[in-house]
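Report on the structure given below.
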Amino acid sequence: MSGADAFLKEVLANPLSAWMKRHGPAADVALSSRIRLARNVEDLPFPHRMSEDQVQHLLDMARQLEAPLSSALGEVHFVDLSGTSPLDRQVLVEKHMISPLHAGKARPAMLTRRDASVNILVNEEDHFRIQVLSPGFDLDSVWELAGQVDDVIESRVDYAYQEKYGYLTACPTNVGTGLRASVMLHIPALVMTGNARGIFDAVSKVGIVVRGLYGEGSEGLGNMFQVSNQVSTGRAEAEIVANLKGVTARIIEEERRARKQLATTRKVELEDMAWRALGLLTHARRLSSEEAMKLLSQVRLGVDMDILKVVDPEVLNELLVLTRPANLQKLAGRSLTPEQRDEVRAELVRERLRRSIR
Amino acid sequence: MLCQECGQKPATVHYSQIINGHQTELHLCADCAKEKGYGVWSMEPTFYLNQLLAGLLHQDPIQVGAGLKCDLCGLGYDEFARTGKLGCGRCYTAFGNRLEPLIRRIQGSSVHAGKVPRRTGGRLRLKRELQALKRQLQEHVAREEFERAAELRDQIRELEERLKEGK
């Protein structure tokens, strides 16, 4: 087995990447911070218009980057994902390592640092999508690391770049800096107090987008929302990052304030909710993905507000990935119908949570 | 709730996006969501943006670009207007005049103010530096600080020489 194959096997077998286990700043509200830089090679058609030979050329070029990236960042692997199954690709999507678009490509590849905090998606919508992740609210460090990765690639590859437009991308919504900075937030108290919508409306006026998976009503699935910059050009990278940082810090502050308010005005309701959620998760025999997300959010809030001191927070992060359909099937070692999935999910959550209770 | 796309299976994927206070919602069944590229935790709703973009292009008078073609990758402007995706870096030059107002509209600006690649952008860095020095020179002249202005003028000359040589 080659180094890359062994690495991929290890990645697929561990739901929690090494970077997710580190403790990040403001972890009570912020799950992770991410920087993405879109980069293309000069005089080579963008991926959606490349011939097979050109795709091969791009992959060869990426393979050549393994050594210089490793010496700059520590162990980096070039992994050709062409031969991987749809399930394995979906597992990588659920781990935030590749995008759904990338998973659907005939020949996706990636350059990944051992702790999976740095992923360079090769042959996605653009030739290279540099992606750096870090736990908690930590935009400065992801921004610095992404810049470092970019410099290493740029020393070997001629980028498609124009003085006027900046870095050229397949979609004009990414042109200029090619930068998207984002923070994943868990804001249950803002949702419970009905303040979330107002905040989203306000931040959208300063060039910030809030995305989330929504349930039947309006609250985000598991109260998780991704805040990111909307525009990629006309401003310097540092300014875009600083803008997002400022807005995110405010949202975090508001969430903490809402939690304090709930703790004084709706204390028993909150305790009841957290303990009930833990009760359901440790006893249910069937759990849909949505219900699991919802209950895990309530337990997380309980942990972060010191109501549930018995639960180890790391297991919550692990379950967030493990309860997703592909990871669940990977762990079960067979393909499952949606009903079977709900049973296996319930069993897994019961077992992991009970084992972690202190 | 039934899937908005096929209208047959129950909607299990709910997607919502707010841009400038305007919210759009999509409720799809798992199959249609997959087909449209929405996964749970989709990191980048590129499909969505491309659709929006194509929409903008279609209602646009700048569509008169029909017939334009990129000489490197062969992409026609009409195809770009349909998909919202460019074919290669050269397309930005080929469709220049028509692209610029569009980029300005989506991004609020079309002028790059960020990072310059170190190696390929060597000349560019010098040019940016030159512009900055010229601005400073004007400021010092305005404040009648002629000694400092003279120093700056020499630096500017030297940079201009280097730029000429590098050509």
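The values are calculated or read from the model by the stated rules, or taken from the named source; none is laboratory data. Everything quoted here is computed from the prediction, not taken from an experiment. Here the Cβ positions follow ideal geometry from the backbone for every residue, glycine too, while neighbour counts run over all protein chains shown. Accessible surface is based on the protein model in full, side chains and every heavy atom, while ligands, DNA and RNA are left aside. Shrake-Rupley method; radii C 1.70, N 1.55, O 1.52, S 1.80 Å.
Within the range A:267-300, can you find the residues that are over 22 Å from A:Pro15 (Cβ atoms) and surrounded by 15 or more Cβ atoms within 10 Å (Cβ to Cβ)?
A:Leu270, A:Glu271, A:Met273, A:Ala274, A:Trp275 - these are the residues of the range A:267-300 that are over 22 Å from A:Pro15 (Cβ atoms) and surrounded by 15 or more Cβ atoms within 10 Å (Cβ to Cβ).
When both residues are 6+ apart or on different chains and their Cβ atoms are under 7 Å apart, which pairs have a first residue that lies in the range A:1-16 and is touching a residue at least 24 places away in the same chain (Cβ under 8 Å), and a second that is open to solvent by 60 Å² or more (accessible area, probe 1.4 Å)?
Here the result reads A:Leu12/A:Lys330, each pair linking the range A:1-16 to a residue that is open to solvent by 60 Å² or more (accessible area, probe 1.4 Å).
Please determine, by comparing only the residues of the range B:15-41 that are in a strand (DSSP E or B) and modelled with pLDDT under 70, which one is farthest from the other protein chains (Cβ to nearest Cβ).
My answer is B:Thr24.
Can you tell me how many residues in the range A:122-180 are touching a strand residue (DSSP E or B) at 6+ places or on another chain (Cβ under 8 Å) and polar (S, T, N, Q)?
7
Consider A:Glu255 carefully, then state whether it is buried (at least 21 other Cβ atoms within 10 Å of the Cβ), of a type in the set (Asp, Glu) and modelled with pLDDT of 85 or more.
Numbers: buried (at least 21 other Cβ atoms within 10 Å of the Cβ): yes; of a type in the set (Asp, Glu): yes; modelled with pLDDT of 85 or more: yes.
Spelling it out, A:Glu255 is indeed buried (at least 21 other Cβ atoms within 10 Å of the Cβ), of a type in the set (Asp, Glu) and modelled with pLDDT of 85 or more.
State all residues of the range A:303-312 that are within 14 Å of A:Leu353 (Cα to Cα) and buried (at least 16 other Cβ atoms within 10 Å of the Cβ); if no residue qualifies, say none.
Keep residues of the range A:303-312 that are within 14 Å of A:Leu353 (Cα to Cα), which gives A:303, A:308-312.
Across the range A:303-312, the qualifying residues are A:Val303, A:Leu308, A:Val311.
Only one of these is under 21 Å from B:His112 (Cβ atoms) and facing chain B (nearest Cβ under 8 Å): A:Gly178, A:Gly234. Name it.
None of the other options fit; the residue is A:Gly234.
Within the range A:55-82, which residues are open to solvent by 60 Å² or more (accessible area, probe 1.4 Å) and more than 24 Å from the chain's Cα centre (by Cα)?
Residues satisfying the conditions are A:Gln56, A:His57, A:Asp60, A:Arg63, A:Gln64, A:Ala67, A:Ser71.
Restricting to the range A:133-144, name every residue that is open to solvent by less than 30 Å² (accessible area, probe 1.4 Å), touching a Ser or Thr at 6+ places or on another chain (Cβ under 6 Å) and away from chain B (no Cβ under 11 Å). Talk me through it step by step, then tell me what you get.
Of the range A:133-144, the ones open to solvent by less than 30 Å² (accessible area, probe 1.4 Å) are A:133-136, A:139, A:142.
Of the ones still in play, those that are also touching a Ser or Thr at 6+ places or on another chain (Cβ under 6 Å) are A:133-135, A:139, A:142.
Listed by number, the residues that qualify are A:Ser134, A:Pro135, A:Leu139, A:Val142.
A quick yes/no check of all residues on (1) open to solvent by less than 10 Å² (accessible area, probe 1.4 Å); (2) facing chain B (nearest Cβ under 9 Å); (3) free of Cβ contacts under 8 Å to residues at least 12 places away in the same chain:
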position: A:Arg114; (1), (2), (3): no, no, no
position: A:His127; (1), (2), (3): yes, no, no
position: A:Ala146; (1), (2), (3): yes, no, no
position: A:Gly166; (1), (2), (3): yes, yes, no
position: A:Pro188; (1), (2), (3): yes, no, no
position: A:Arg197; (1), (2), (3): no, yes, no
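Sort out which residues of the range A:92-107 are of a type in the set (Gly, Ala, Ser) and within 9 Å of chain B (Cβ to nearest Cβ), and write them in order of number.
As a first pass, look at the range A:92-107 and keep what is of a type in the set (Gly, Ala, Ser): A:99, A:103-104, A:106.
A:Ser99, A:Ala103, A:Gly104, listed by residue number.
Name the single residue, out of those in the range B:81-140 being in contact with a His (Cβ under 9 Å, 6 or more places away or on another chain), part of a helix (DSSP H, G or I) and surrounded by 15 or more Cβ atoms within 10 Å (Cβ to Cβ), that is nearest to the other protein chains (Cβ to nearest Cβ).
Step by step, filter the range B:81-140, then rank; the result is B:Thr83.
I'd like to check something: does the range A:316-334 contain any residue that is open to solvent by 50 Å² or more (accessible area, probe 1.4 Å), without any contact (Cβ under 8 Å) to a residue 12 or more places away in the chain and part of a loop (DSSP other than H, G, I, E, B)?
Yes, there is a match, as at least one residue in the range A:316-334 is open to solvent by 50 Å² or more (accessible area, probe 1.4 Å), without any contact (Cβ under 8 Å) to a residue 12 or more places away in the chain and part of a loop (DSSP other than H, G, I, E, B).
Which of (1) surrounded by fewer than 22 Cβ atoms within 10 Å (Cβ to Cβ); (2) closer than 30 Å to A:Leu92 by Cβ; (3) modelled with pLDDT under 90 does B:Cys73 not meet, given it meets every other one?
All conditions are met except number (3).
Among (1) open to solvent by 60 Å² or more (accessible area, probe 1.4 Å); (2) part of a strand (DSSP E or B), where does A:Lys9 come up short?
All conditions are met except number (2).
Considering only the range A:12-49, state which residues are within 23 Å of A:Ala106 (Cα to Cα), of a type outside the set (Lys, Arg) and open to solvent by less than 40 Å² (accessible area, probe 1.4 Å).
A:Leu12, A:Leu37, A:Ala38, A:Asn40, A:Val41, A:Leu44, A:Pro45, A:Phe46, A:Pro47
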